[in-house]
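Asker: The structure under discussion is supplied below as structure tokens; questions concerning it will follow.
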Amino acid sequence: MTPDQIAAAAAVLLQAERTGIQTGLLSIAHPGMTLDDAYAVQAALVGRKRAAGARVIGWKIGLTSRAMQMALDITTPDSGVLLDDMLFADGATISNGRFIQPRVEAEIAFVMKAALSGADITRADVLAATDFVAPSLEILDTRIMRVNPGTKAARKIFDTVSDNAANGGLVLGGQQHAVDAHDLRWVGVIAQRDGVVEETGLGAGVLNDPVTGILWLVHRLARFGMGIAAGDIVLSGSFIRPIEAPPGSHFEADFGPFGHVSLTFA
């Protein structure tokens, strides 16, 4: 994609978010687009938001589970940027119309006390740089149609990445744990919507270890001379499938000894 096409795609995504009307698949409008193009669109979208006053507070890692990768015919995760207006308090009620087509995932959040950057960063470095881990819910939203209404073609990884990895919001649980206080591979969640158990999962669903997700992100960012900053929140990846969040729905995520998070959509 040319610089003008990248800028135009970012503008279209921002317009979709502001109006609540989804745009068509970028992968159809730009059939030759690459993953680098998609990340360039994402950067342009985030750049427009930062220019309007938004502040970066961290990162999200997505498509870490094998099931989600198979659904999009990929073998690698993706990442997006967290902004300050995406953060909601535990137990918050989301106003109707805030999101277009929200869904909810359960994740382990890492909050960093030291910066991480470089292709030589190791798992031990990630552990040493982590201030604490906490239970969290991620709100997914999509400014791009999930399926083209005419051809029935489903969105591709290029669409998802361009759309800031389908980033909508996050809820950070109040329980804070040292990164080595629990075996994160065995941290589980029971996710309920309106009192019905919709999904269960284990941390091992994230690349066999949520720490691996953080390591993947640092190595990906190193390709562009970027890194994770001290104080950043990093959502390490969901270990349940996304749950649809229609108006009026209430979510409870029970992580057992690890904590509890809740969220309501008005």
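Asker: Mind checking whether some residue in region 178-187 is hydrophobic (A, V, I, L, M, F, W, C), in contact with a helix residue (DSSP H, G or I) (Cβ under 9 Å, 6 or more places away or on another chain), closer than 26 Å to Pro102 by Cβ and in a loop (DSSP other than H, G, I, E, B)?
Answerer: Yes, there is a match, as at least one residue in region 178-187 is hydrophobic (A, V, I, L, M, F, W, C), in contact with a helix residue (DSSP H, G or I) (Cβ under 9 Å, 6 or more places away or on another chain), closer than 26 Å to Pro102 by Cβ and in a loop (DSSP other than H, G, I, E, B).
Asker: Separate question: Across region 29-40, what is the total count of residues that are surrounded by fewer than 18 Cβ atoms within 10 Å (Cβ to Cβ) and either touching a residue at least 60 places away in the same chain (Cβ under 8 Å) or more than 20 Å from the chain's Cα centre (by Cα) (or both)?
Answerer: Number satisfying all stated conditions: 5.
Asker: Output yes when any residue across region 61-72 is within 20 Å of Leu184 (Cα to Cα), modelled with pLDDT of 80 or more and touching a Gly at 6+ places or on another chain (Cβ under 6 Å), and no when none is.
Answerer: Yes, some residue in region 61-72 is within 20 Å of Leu184 (Cα to Cα), modelled with pLDDT of 80 or more and touching a Gly at 6+ places or on another chain (Cβ under 6 Å).
Asker: Restricting to region 166-177, and then to whatever is in contact with a Leu (Cβ under 9 Å, 6 or more places away or on another chain) and either modelled with pLDDT of 95 or more or assigned to a strand (DSSP E or B) (or both), can you tell me which residue is nearest to Phe251 (Cα to Cα)?
Answerer: Looking at residues that are in contact with a Leu (Cβ under 9 Å, 6 or more places away or on another chain) and either modelled with pLDDT of 95 or more or assigned to a strand (DSSP E or B) (or both), I get Val171.
Asker: Here's a follow-up. Could you figure out which of (1) farther than 26 Å from Thr151 by Cα; (2) of a type outside the set (Val, Ile, Thr); (3) at pLDDT 95 or above; (4) outside any loop (DSSP other than H, G, I, E, B) isn't true of Ser79?
Answerer: Among (1) farther than 26 Å from Thr151 by Cα; (2) of a type outside the set (Val, Ile, Thr); (3) at pLDDT 95 or above; (4) outside any loop (DSSP other than H, G, I, E, B), Ser79 violates only (3).
Asker: For Ile108, all conditions in the list (1) at pLDDT 95 or above; (2) farther than 16 Å from Phe251 by Cα; (3) surrounded by fewer than 19 Cβ atoms within 10 Å (Cβ to Cβ) hold save one; what is the number of the exception?
Answerer: (3)
Asker: Quick one: Asp183 ticks every box in (1) out of contact with any Phe, Trp or Tyr (no Cβ under 9 Å at 6 or more places or on another chain); (2) surrounded by fewer than 20 Cβ atoms within 10 Å (Cβ to Cβ); (3) closer than 17 Å to Gly91 by Cα; (4) not hydroxyl-bearing (Ser, Thr, Tyr) except a single one, so which number is it?
Answerer: (3)
The values are calculated or read from the model by the stated rules, or taken from the named source; none is laboratory data. This one's a predicted model, so the numbers in the text were calculated from it and none came from an experiment. Heads up, the Cβs are rebuilt from the backbone with ideal geometry, glycines too, and the neighbour counts pull from every protein chain shown.
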